[in-house]
Structures are given as structure tokens and as C-alpha cells.
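Here's the structure, in C-alpha cells; my notes come after.
The values are calculated or read from the model by the stated rules, or taken from the named source; none is laboratory data. Just so it is clear, the model here is predicted, and its values are computed rather than measured. When we count neighbours, we look across all protein chains shown, and the Cβ atoms used for this are built from the backbone with ideal geometry, even at glycine.
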Amino acid sequence: MPIIVNLDVVLAQRKMRLNTLAELVDITPQNLSVLKTGKAKAIRFDTLEKICAVLECQPGDILAFSKEPTFTNNIETAE
């Protein structure tokens with residue numbers, strides 16, 4: 001996936017646990033864990049806004065784009 005989630009890095013920098021962030025943002029720890037591991041398919045802007053407010057960061061601190069190639073039917077394509 002070309003979108004990289006750096007939530008674990010920002011949490012470590014802030015010395016905050018996932019469960020604490022989940023409580024402060026009012027999201028389940030399970031849903032936050034899905035986001036942290038990069039398995040989430042989407043994030044609501046209001047959730048992202050709350051996370052950034054609590055962690056005192058910018059969305060770009062949490063999300064990054066990587067230009068890795070994607071593979072379709074064993075043929076490499078650059079998008």
C-alpha cells in the first residue's frame with residue numbers, strides 16, 4: 001500500500017500508549033490498532049483531526065506516501 005501510517009512513531013515520540021490515545025480520541029483501541037498497523041482502508045477526517053489535536057501534530061506526521069510499484073497479474077505497473 002503506498003500510504004504509510006506512522007502513528008506508532010508519533011505515539012513513541014509522545015511517549016503515549018495506544019489505549020490512552022484511544023480514550024482521548026473516543027475510538028476503540030481495536031479500530032485505532034487497525035489504523036496503526038496500516039490495515040485501515042479509510043480514516044474519517046474528524047477522527048484524524050482528533051488524533052492530530054491530541055498528539056499535537058500534523059496529518060503529514062502520521063500519514064506518508066510511498067511510490068512503491070504495484071503488481072497486477074504478475075506485471076509490474078507504476079502508478
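Filtering the range 1-22 down to residues that are under 11 Å from the mean Cα position of the chain (by Cα) and β-branched (Val, Ile, Thr), which residue is surrounded by the fewest Cβ atoms within 10 Å (Cβ to Cβ)? For the range 1-22, the residue satisfying everything is 3.
Taken over the range 23-47, the criterion of being surrounded by 11 or more Cβ atoms within 10 Å (Cβ to Cβ), over 13 Å from the mean Cα position of the chain (by Cα) and not in a loop (DSSP other than H, G, I, E, B) is satisfied by 23, 24, 25, 29. Within the range 1-52, the set of residues being touching a Leu at 6+ places or on another chain (Cβ under 6 Å) and small (Gly, Ala, Ser) comprises just one member, 22.
Output the number of residues of the range 1-22 satisfying the condition of being in a helix (DSSP H, G or I) and under 18 Å from residue 65 (Cα atoms).
Count: 4.
Scanning the range 48-62 for residues that are assigned to a loop (DSSP other than H, G, I, E, B) and in contact with a Cys (Cβ under 7 Å, 6 or more places away or on another chain) yields a single hit, 58.
Within the range 53-66, the set of residues being surrounded by fewer than 15 Cβ atoms within 10 Å (Cβ to Cβ) and of a type in the set (Val, Ile, Thr) is empty. Of the residues examined, residue 50 is one that is surrounded by 10 or more Cβ atoms within 10 Å (Cβ to Cβ), at pLDDT 95 or above and out of contact with any Ser or Thr (no Cβ under 6 Å at 6 or more places or on another chain).
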